[in-house]
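The values are calculated or read from the model by the stated rules, or taken from the named source; none is laboratory data. Just so we're clear, the structure is a prediction, and the values are computed from it rather than from any experiment. For neighbour counting, all protein chains shown are included, and Cβ atoms are generated from backbone atoms with ideal geometry for every residue, glycine included. To get the accessible areas, we keep the full protein, side chains included, count just its heavy atoms, and leave off ligands, DNA and RNA. Shrake-Rupley method; radii C 1.70, N 1.55, O 1.52, S 1.80 Å.
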Amino acid sequence: MEYISTRGGAKARGSIQAILTGLAADGGLFIPREFPEGVLGESLAWKDLSYADLATGILSLFLTDFTMEELKEIVGAVYTEERFSSPSITPVNTIRPGLGFLELWHGPTCAFKDLALQLLPHLLVKAARKCGDDRKIILLVATSGDTGKAALEGFKDLPGTMVIVFYPVQGVSAMQKRQMLTQEGENTIVIGVEGNFDQAQTGVKAIFSHQELGERMSQAGMRFSSANSINWGRLIPQVVYYVWAYLSWLRHGRLQAGEEFNVVVPTGNFGNILAAYYGKRLGLPIKKLICASNMNNVLTEFLRTGVYNRKREFYQTISPSMDILISSNLERLLFELAQEDTDRVKALMNDLQKTGVYRLPTDLLEKLGADFWGGYATEEETKQAMAEVFADHHYLMDPHTAVGYKVYQEYTSETGDKTPTVIASTASPYKFPASVAQAIMKKEKVTGQEELALLQEISQFTGTPIPEPLRDLDAKPLRHHRVVAVQDMEETVRDILFSGK
Ligand SMILES: *Cc1c(COP(=O)(O)O)cnc(C)c1O
């Protein structure tokens, strides 16, 4: 399978190069030249596959530079009960007929990013070796919380790699910080940045594209790589669990073959919901893709009016992994809507860069509305949703998932649609103990408590277990202490790479 750029200005590449380079040379995103439309027609034959075998089958459609044996080996070592606390890897928890939560947080860092970031490191190393590149892979990440930890766990002690994560000192939750600062592994480095996430991200991008540094690294037998969510290698593993959700509902008789269902996705960078859209293109009978946002509701407005406007107030919410104003993966959807007319995509992206705004032409907006529906939840609504679902169903949602639930309610009351629905549950509630406890417990139990102490309180109150990876966090030693100024990020990376400091 060949990959072309959404902006039409770069050479077509194979799947190996698409994964290794991440971004196309013209600044666009890689997209398959020909999408395997509808191949899931035979999905009934896939019904009884294990998660790993299903993943191998789906990856093999897109990563055609890898042999089936190679994929099988990599995938088989990742989607195991050792790494994921559920035998079905991403179980569907059906709380009432026609409503299920697709739990994507049974991996080592308790958020959905594990599904892709446990796999991608192995794909990257294999891809490099297959094209005769044996330089050490230096993964550089800027994180607002979940991605950094998932990347650290994914690359931990993987031979031939090193991972350096920058996080904004004030911009992550106590839990997220503790998860990163206790990170084990000989090849992991975690550094605080005295700045916000955007500054950390900009710093990483500058280091990444620094030509002299790149050359010096090459001479020393190293290369940079990136694992952010625009990398094609992160999207495809995410398609797998939507297929899995459908097949598991089929297996349990909750859906008939070919029967439609809706998918709700708490959305930030538009990666996870785009994967569901690709699932639909593969042939999943998805009726509506419901895009749920928090107060940073740039996507809600876009889906309703066609205007994408990032010039707006930025809110720090209790669903921080969705606090995003530029949803990078949306560019891939624009490419599909514009029927691969790259000039149209380029024009919209230019508008965004120059003015911070673009407007989707009406013909494209209509097409968008056929597949997608958008809504958002306020902070209060998010907490209310957590309380309500716990009271009614004894089911505990994290704040991101709660945003999805609230938007689903709005969708059903606005449209009257009764189609069975799967809500992507993107993080364990134990990853965000402060807001979960506030939502479901009495004030006096919560006030003044540290996040880590609240884990116990929540567990006792709800009778649910604390996920193993979060259980002994306060007993683990802090291993990473470095904090640097934004302007010192590059020097710090140089010190690490060339002086071993
Ligand atoms: C990353 C993340 C999201 C947003 O996913 P996108 O693919 O960026 O849209 C939602 N919830 C959680 C818990 C996340 O970590």
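Some notes on this structure:
- Exceeding the 22 Å Cα-Cα cut-off - candidates K406/K431; K113/K501; K383/K443; K47/K72; K383/K431; K126/K156: K113/K501
- Amide H contacts for V307 (H built 1.01 Å from N in the peptide plane; partners 5 or more residues away or on another chain; cut-off under 5 Å): L360.
- Membrane-span-like helices of the chain, defined as complete DSSP H segments with a Cα extent of 27 Å or more along the helix axis and a mean Kyte hydropathy of at least -0.5, are identified as 232-251.
- With the highest mean first, a sort of the peptides 15-28, 102-115, 75-88 on other beta-carbon atoms found within 10 angstrom per residue produces 102-115, 15-28, 75-88.
- Annotation: amide H of M222 within the under-5 Å range of K136, sequence separation 5 or more or interchain, hydrogens built in the peptide plane.
- Relative contact order for the chain: 18 percent, from Cα pairs under 8 Å spaced at least 6 residues apart, divided by residue count.
- In terms of its C-alpha gyration tensor, the chain comes out rounded, because the ratio a/c of the largest to the smallest axis stays below 1.5.
- With a Förster radius of 45 Å applied to the beta-carbon distance between D417 and R223, the computed FRET efficiency rounds to 0.40.
- Taking each DSSP H run with n ≥ 4 as -39500 (n - 2.57) and averaging over every residue of the chain yields -13500 deg cm²/dmol at 222 nm.
- The HN-Hα couplings worked out from phi for the stretch 310-326 by the Karplus form 6.51 cos²θ - 1.76 cosθ + 1.60 (θ = phi - 60°) are 8, 7, 8, 5, 9, 10, 8, 10, 7, 10, x, 6, 10, 7, 9, 10, 10 Hz, whole numbers, x standing for Gly and Pro.
- Lysines whose Cα lies under 17 Å from that of K11, excluding same-chain neighbours fewer than 8 positions away: K346
- Accessible area per residue was computed with a 1.4 Å probe on protein heavy atoms; E444 scores about 140 Å².
- Set of aspartates and glutamates with alpha-carbon distance to K130 below 13 Å, sequence-local pairs under 8 removed: D65, E70
- Cross-link reach is defined here as a Cα-Cα straight distance under 19 Å, omitting same-chain residues fewer than 8 places apart; for K354 the aspartates and glutamates meeting it are D26, D198, E313, E331, D343.
- Of the whole protein surface, K346 contributes about 80 Å² of accessible area at a 1.4 Å probe radius.
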